[in-house]
Amino acid sequence: MFYYIFAHLLKEESKMESEIHRFDNNTLNEVLNRSNEVDPKLYERYVMNKAIDEPFYSILIGMYCLLIVMGAVGNTLVIIAVFRKPTMRTPRNMFIVNLAVADLLLCTVTMPLTLMEILTKYFPLGNNLFVCKTIGILQATSTYVSTISITAIALDRYQVIVYPTKESLQIFGAAFILLLIWLVALILAMPLFIVRHLKHHDLPGLENDILSLDFCIENWPIVHGRAFYSIFTLIFQYTVPIIIVSAAYYRISYKLRYRFQAGFVSTEDNLQKNRRQLRGRRLQKTNILLLSIAIIFCISWLPLNLFNLIADLYPDSNKFTSQKMMVVYAICHMMGMSSACSNPILYGCLNENFWKEFKDILCIEKATDEVGATTQKISLRKKNNKGTLLKPEMITDATNYQQCNTVSSDLTVLTKC
């Protein structure tokens, strides 16, 4: 897509008399051979290799850097939290680690490379075909692995909550599924490795200088091939995962609500009422969490998929090649990449075990936790309304209530509440 964007920008800025609607190799060579007619200011822009002017140039760099740092830190914490303790290396946490690895790739590979393509007029990494092809497949693979991992986590939670009597997933089974996820992602991303090609041109410039231009383009063998692949991506990277995730979490929410309603009998006992209220609040927070995961996934990836689809359906339209539309594309891309920042929060920080590990890694003081524990012990020792001490089993129940009232993305704790 960036090759065609360069074509339109060159047509607008050079003010050549000939009208160029779409650059093929012959047309581009003809334009380059007539480089003596190119405006010196245009030549200078290509020497600087800047496709977007200030202040958007600096703003986009700052916003991308912020997302990259936030996502990289959050996902690195998730990976370290799991591998530093054997008790955290459960099959369920392996899915979260796989998601963190994919999101880390999004932050350290996909975002910088896409930013490079947005800000530059031509491929700045030299005349290297392998680098050109590898960039495309790395960007697509990390995106597919991230979305497929989110889907796998939803299905795993669905199996644990809705069918708790079935045998739980073991480490070997989880490792096989993770391998399958990466294999499927590579297959889905392989077309971008096949169709990407490098075009090299030498542009005679001012004062006998030679400006080498390399374009990493997608040369699809069929007409509208890019548009077909965008539709394919919209289906398998967005539509199918959002349907599966939404359906799985709706079924989980329904199952938990059914267990909640069936778990109590009509009674005037204060302890029973308190227990019902606490579990009700816990269920409500869980439903909000599940709904948030589905909504954030939907909102994050929808703009980018729609933009790519429309732009690829109308590749010759000036509407999608102006600097303003490139900024809009960058915003849509950042919304999609923001999932790499929200996933560590949704799947890690809201999990009580992960949160404890994060505090240990960051050496956060536990004074608040210690004060809370002391207060709880004192309150449990107080006499109840009838003037008698709480029984040991009642103290245990009260401790469980406190645990069940804590927000956690580990849905398996609900089976104990």
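Each reported figure results from applying straightforward, stated rules to the coordinates on display, with no laboratory input. The structure displayed is predicted, hence computed values, not measured ones. Cβ atoms come from the backbone with ideal geometry, glycine included; neighbour counts cover every protein chain shown.
A few points about this structure:
- For the range 36-161, the dipole from Cβ point charges (+1 on Lys and Arg, -1 on Asp and Glu) about the Cα centre works out to 700 debye, to the nearest 20.
- Label-to-label distance, I187 versus L291, with points set 7 angstrom from Cα along the beta-carbon direction: 3.7 nm.
- Once backbone amide H atoms are built at 1.01 Å from N, L213 has H201, D202, L203 as its partners under 5 Å, excluding neighbours fewer than 5 places away on the same chain.
- Phi-based couplings in Hz for the range 131-142 (Karplus 6.51, -1.76, 1.60; Gly and Pro marked x): 4, 4, 5, 5, 4, x, 6, 5, 4, 5, 5, 4
- Förster-model FRET efficiency, 41 Å R0, I235 and K359, C-beta, rounded to 0.05: 0.50
- Per-residue Cβ neighbour rank within 10 angstrom, fewest leading, I153, I148, I345: I345, I153, I148
- Take 175-187, 230-242 and order them by the average number of nearby Cβ atoms within 10 Å per residue, most first; the result is 230-242, 175-187.
- HN-Hα J in Hz across the range 146-160 - Karplus 6.51, -1.76, 1.60, θ = phi - 60°, x for Gly and Pro: 4, 6, 5, 5, 4, 5, 5, 4, 5, 5, 5, 5, 4, 5, 5
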